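The values are calculated or read from the model by the stated rules, or taken from the named source; none is laboratory data. The shown structure was predicted, so the numbers you read here are calculated from the model rather than taken from an experiment. Here Cβ is always computed from backbone atoms with ideal geometry, including for glycine, and neighbour counts include all displayed protein chains.
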Amino acid sequence: MARLESSLFAPGAIDEVGRDDIIALAKSPGDPAVSIYVPVGLHGDVARDKTVLRDLVAQAHVELAENGYPPAHIKEVLELPDRLLGDDTFFAGGMRGLAIFCGIEGERVLRLPLAPEPAYSVAASPWVVPLLSVLEGAGDFLILWLDLNDVRLYLASRFSMSRLFLGDVDTSIEDVLPDEDRQAHISARAEGTSRAGRVAVFHSKGVGEEMTKRHEGHFLEMLAAELAPQLAEWSTPLAVIGVGELATALAGRLSHTPVAAVRLEGSPSRADERFVHRRAWEAVEPMMTAGHRSAVERFAALAGTGYTTFELEEVAAAAHEGRAESLLVASTRPAWGRRLSGSNQVELHEYAAIGDVDLVGSAVGDALASGAEAYLAGAGEVPFTPVGAILRY
């Protein structure tokens, strides 16, 4: 497997949230469990972020007191967010949100790449449904940065990007040209130097258009062959980013699939890496979120056949028994209640009572643990709330 050469952004600044995290949290009992979601870093104002968190902690403190928990226990449960409020350095970095889970064994603080709505819950287990937004489009993809004199390969996710070591791959067109053509190409580059001191690599008049195209084609053929072993290590989408028609030309020579070509107006070497990452994500997003769209379409197609349900009691039972293929969650608001002992029936409450859990979050945890998928449905995608399920049987 190709090794990482450097991490460009996100690693260390945010936490990668996976399905195992959601499963573990959903199944972590608390006495009680307190969950706090707070946006941070949106205004570059740490004092403002801490004020929002402090207000949420205060509200949770009041609810715990109203539920009869003694002051000493409340102080113990809320020790984690209280400690964070005293640490200015913690709020620095690239995160956009915090999810704090306390009152459970193995308390967690997750630094999120997306800003959640400020909210808290006090229940018998953590409130996990807001984390589904971070899980959307989860997984790795590759970015092939194609500049004729600077080829790079990156391993990326929706929120991060790290450069991969290319080893013996020829990463410049000058590395593969015959000696006489290399000299002509270098001369053309010198003639094409811009006022800013940058060189015009792609359309040099000194070489002639026909020779330039021949050189480019030869380089792309060799590059595709040399990249093949490294790309074969990855069964992930690939975005090829280059100027003009170069990205399309190289993508057509690669056996890797799926692949998307992204055309830039200028050389990638002049582009900000975050901009390149954003353009690459836009290209591969339909591939990375295909499961979500398929679940929405399947739910609509199977409606009325007995293979779908949006009755919360039935969804919870199917998820618990491993009969759910996919869940579509239409609201992040908790549905408070509890499973009745010795049955698959659930009891819903308008407000959280001591011992209640978010039944939607509990179903999400059960579904993910059984190998099913869970997606946060957007506005207008589904005709129900709070949750629906596609059933295996």
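So R111 clears everything in (1) part of a helix (DSSP H, G or I); (2) crowded, with 20+ Cβ neighbours inside 10 Å except one condition, right? Which one?
(1)
For residues that are part of a loop (DSSP other than H, G, I, E, B) and of a type in the set (A, V, I, L, M), scanning just segment 342-378, find the one that is nearest to R392 (Cα to Cα).
A372
All but one of (1) modelled with pLDDT under 95; (2) touching a helix residue (DSSP H, G or I) at 6+ places or on another chain (Cβ under 7 Å) hold for V34, so report the exception by its number.
Among (1) modelled with pLDDT under 95; (2) touching a helix residue (DSSP H, G or I) at 6+ places or on another chain (Cβ under 7 Å), V34 violates only (1).
Being within 13 Å of the chain's Cα centre (by Cα) and among the aromatic types (F, W, Y) is the filter; apply it to segment 120-163 and report the residue that is surrounded by the most Cβ atoms within 10 Å (Cβ to Cβ).
F141
Within segment 268-315, track down each residue that is polar (S, T, N, Q) and over 16 Å from the mean Cα position of the chain (by Cα).
Scanning segment 268-315 gives S269, S294, T305, T308, T309.
Test of understanding: among L250, L238, L246, which residue is of a type in the set (A, V, I, L, M, F, W, C), in contact (Cβ under 8 Å) with a residue 12 or more places away in the chain and either under 15 Å from Y154 (Cα atoms) or surrounded by fewer than 20 Cβ atoms within 10 Å (Cβ to Cβ) (or both)? Write out each step before concluding.
Details: L250 fails: either under 15 Å from Y154 (Cα atoms) or surrounded by fewer than 20 Cβ atoms within 10 Å (Cβ to Cβ) (or both); L246 fails: either under 15 Å from Y154 (Cα atoms) or surrounded by fewer than 20 Cβ atoms within 10 Å (Cβ to Cβ) (or both).
Matching residue, one of L250, L238, L246: L238.
Confirm whether A251 is at pLDDT 95 or above, out of contact with any Lys or Arg (no Cβ under 9 Å at 6 or more places or on another chain) and in the same structural domain as T171 (by TED's automatic domain parsing). Lay out the reasoning, then the answer.
Working: at pLDDT 95 or above: yes; out of contact with any Lys or Arg (no Cβ under 9 Å at 6 or more places or on another chain): yes; in the same structural domain as T171 (by TED's automatic domain parsing): yes.
Criteria met by A251.
Return the residues of segment 114-131 that are in a strand (DSSP E or B) and closer than 15 Å to S28 by Cβ; say none if nothing qualifies. So that I can check it myself, show each step before the final result.
Here is the first cut: in segment 114-131, the ones in a strand (DSSP E or B) are 119-123.
Those that are in a strand (DSSP E or B) and closer than 15 Å to S28 by Cβ: S121, V122, A123.
Would you pick out the residues in segment 313-341 that are among the small types (G, A, S), part of a loop (DSSP other than H, G, I, E, B) and farther than 23 Å from Y393 by Cβ?
Across segment 313-341, the qualifying residues are A330, S331, A335, S341.
Run down L64, L42 and say which single residue is assigned to a helix (DSSP H, G or I), aliphatic (A, V, I, L, M) and either buried (at least 20 other Cβ atoms within 10 Å of the Cβ) or modelled with pLDDT under 95 (or both). Full working, then the answer.
Numbers: L42 fails: assigned to a helix (DSSP H, G or I).
On inspection, the qualifying residue turns out to be L64.
Which residues, taken from segment 128-164, are in contact with a Ser or Thr (Cβ under 6 Å, 6 or more places away or on another chain) and hydroxyl-bearing (S, T, Y)?
S162
Considering only residues of segment 316-353 that are surrounded by fewer than 16 Cβ atoms within 10 Å (Cβ to Cβ) and either assigned by TED's automatic domain parsing to the domain that holds Y69 or touching a Phe, Trp or Tyr at 6+ places or on another chain (Cβ under 9 Å) (or both), which is farthest from F299 (Cα to Cα)?
A353
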